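Written out below as structure tokens is the structure these notes cover.
The values are calculated or read from the model by the stated rules, or taken from the named source; none is laboratory data. Worth saying up front: this structure is predicted, and the values here are computed from it rather than measured. All Cβ positions, glycine included, derive from the backbone under ideal geometry; neighbour counts span all protein chains shown.
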Amino acid sequence: MPSATAAATDAHLSLPADSNQALGIGQYAIDFMAGKLGEGASASVRERTTMFHTDAVLCGLSALALKTNAPTILREEALEYAVSEPSQGACVFGSSVRVKPEKAVVANNSAVREWDSNGTNFGYWPELGHTAGEFGHNDFYGVAIAACQQRGLDGATALNAMICHDEIRGRLASVFSLKTYKIDHVVHGAIASAAVYGALMGATADQIESAIGMVVAHYIPWRAIRAGKQLSDSKGASAAISSEVAVLAMQRSMRGFMGPRDIFRNPESVFRQFEKTSGESPFDLVLAHSGDDFAVMGMHFKLGLYEHQSAGALQGLINLISQNPQLLENGGSNISKMLIRAYEPAFGIIGDPAKRTPTTRQSADHSMVYIVSTMLRKAIEMAGRGEFTPDDLESHDGVWKQLMLSPWDYAPGAITHADTRKLMDKIEFEHGGSDYDAKYPDGIPTSMVITDSAGNAHDSGLVMYPAGHARNTSADLIGILEHKARLLGELAMTGDAASGLVDGLKGLGSMDAAGIAGVYDIPFTTQDGYE
């Protein structure tokens, strides 16, 4: 039997199933932020988290620059909640005005998430048998920034808070699959948001436990927000709304409101309702506090705008057209048909027959046939102009940059592009079966076969770790991400300003309190004609 109390090692803290894990998470967040658990995260963990934060900021600014609906509405809403004292508020992107922190959080996290192009995890820690494979995304950094702006804290503190958040969220994702029960994955991020915001604001472990209890008892979002033939703003704003209520719950708890305690062992909570136990939590939870083995190191980058479940197919496509550029000749008529095989849940989510004819961006970026056909159409167009330059590198870094999917590839005119629709009609998408399923979430097993007009089959073979995946070792990740940063940054500002912003964000951990106070006060210009 596991111990009923938390146990620390040189690098990890264990919260066993028969302990009060909500209280344990609260104490972990407090002690981690105070540096009481060990030497802290390694330089590689800090660097990777900084990369994810930089990526998130560029995603958010570009979404605001193109006036996407939910981020624009929520930013305007936030600015209606201005406060007079800096300690009472935080800032939204592009402004130095202090607003209610929960409003800054919902606005900024919505912008970051809007493109669905920031970081991703698939909850996987096989060394401990923690392989629940729950989704999650690096949507929540705005929580750390808001609290640090309120408290006048520096960049080193903000970066540690982001690492702490990703650790709680990522490890919960490895032990409990919310999607299995049709609960939205953002619940794990909301729990982490309450813990990290509370720790930064000086809450006690009991107060954090109370806030986590409120989050789980009062604010459980169902995956209904992601269902339907055409998706709505709720899909992209889910993490933002959950982080907003997490901050509110933490504020109420610090004022004395008492939420339900010991929520992971509560017999009526979402966790024990779906996974029956004899009184304990459904899982043991292990959290890193020192070294390299943090959850963020297993999280994945998206190299453009696409649902991450499609990354294996995109890598397969890039490999095939790089090796067989003749497939792109004659306006694409050299391609007779394409067969994609993938695992569950990829097949069920982005292979939904309703998404074969997307009419909204939120549905198009969750349609395997649309995503692949759009990248292929771009390659065909470039080949027709003599601009497609396949490379012979294993990772095809140059092709990833050439064909990177941008926001304009999901604009209304792109979604209805006649050539894209013709290519979509040539694609068959199949479930790969148990052999594929068994390889997830270690990788994202996908294969593609393109049959040319002469009947020759060109097979990508099984793709497990495409560029951007945490276990990919061949791609020039930094170089591709720099291209992505320029692509998105130049939607919101001039090229020189975008480069300067990226360089500045790389120094997040070295910023003083004044730097963090203005870190999101980034001037950006808006463009008409996107939505």
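Computed values, structure above
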item: Failed item, numbered, when THR131 is tested on (1) surrounded by fewer than 24 Cβ atoms within 10 Å (Cβ to Cβ); (2) under 19 Å from the mean Cα position of the chain (by Cα); (3) under 21 Å from LEU64 (Cα atoms); result: (3)
item: Residue check for ALA470: over 26 Å from PRO345 (Cβ atoms) and touching a helix residue (DSSP H, G or I) at 6+ places or on another chain (Cβ under 9 Å); result: no
item: Breaking point among (1) in contact (Cβ under 8 Å) with a residue 60 or more places away in the chain; (2) on the phi > 0 side of the Ramachandran plot, for ASN330; result: (1)
item: Of residues in region 349-360 being modelled with pLDDT of 90 or more and over 16 Å from ARG421 (Cβ atoms), the one nearest to the chain's Cα centre (by Cα); result: ILE350
item: Residue list for region 291-328, restricted to those being among the small types (Gly, Ala, Ser), over 17 Å from ARG113 (Cβ atoms) and crowded, with 24+ Cβ neighbours inside 10 Å; result: ALA295, SER310, ALA311, GLY312, ALA313, GLY316
item: Qualifying residue in region 114-127 (condition: in a helix (DSSP H, G or I), in contact (Cβ under 8 Å) with a residue 12 or more places away in the chain and touching a helix residue (DSSP H, G or I) at 6+ places or on another chain (Cβ under 8 Å)); result: no
item: Among residues of region 323-335, those that are assigned to a strand (DSSP E or B) and more than 35 Å from the chain's Cα centre (by Cα), counted; result: 0
item: Selection from region 390-443 of residues that are touching an Asp or Glu at 6+ places or on another chain (Cβ under 6 Å) and closer than 18 Å to ASN319 by Cβ; result: ASP397, GLY398
item: Listing of helices (runs of 4 or more DSSP H) fully contained in region 1-79 that carry 3 or more residues being in contact with a helix residue (DSSP H, G or I) (Cβ under 9 Å, 6 or more places away or on another chain) and among the aromatic types (Phe, Trp, Tyr); result: none
item: Selected residue (criterion: nearest to ASN138 (Cα to Cα)) from residues of region 189-237 that are assigned to a loop (DSSP other than H, G, I, E, B) and not aliphatic (A, V, I, L, M); result: PRO221
item: Single match in ILE321, ILE335, ILE349 (criterion: of a type in the set (A, V, I, L, M), in contact with a Ser or Thr (Cβ under 8 Å, 6 or more places away or on another chain) and not assigned by TED's automatic domain parsing to the domain that holds LYS67); result: ILE335
item: Spans of helices (runs of 4 or more DSSP H) in region 422-516 with at least 2 residues of a type in the set (A, V, I, L, M); result: 477-489, 495-505
item: Matching option when the condition is within 23 Å of TRP115 (Cβ to Cβ) and out of contact with any Phe, Trp or Tyr (no Cβ under 9 Å at 6 or more places or on another chain), among ILE225, ILE191; result: ILE225
item: One residue from ALA199, ALA192, ALA239 being among the aliphatic types (A, V, I, L, M), modelled with pLDDT of 95 or more and under 29 Å from THR359 (Cβ atoms); result: ALA239
item: Qualifying residues in region 48-83 (those that are within 17 Å of the chain's Cα centre (by Cα) and over 19 Å from SER110 (Cβ atoms)) - the one surrounded by the most Cβ atoms within 10 Å (Cβ to Cβ); result: THR49
item: Test for ILE349: is it in a helix (DSSP H, G or I) and closer than 24 Å to ILE225 by Cα; result: yes
item: Pairs where the first residue, in region 19-36, is assigned by TED's automatic domain parsing to the domain that holds SER193 and among the aliphatic types (A, V, I, L, M) and the second is buried (at least 21 other Cβ atoms within 10 Å of the Cβ) and outside any helix (DSSP H, G or I), C-beta under 6 Å, 6+ apart; result: ALA22/ILE263; ALA22/PHE264
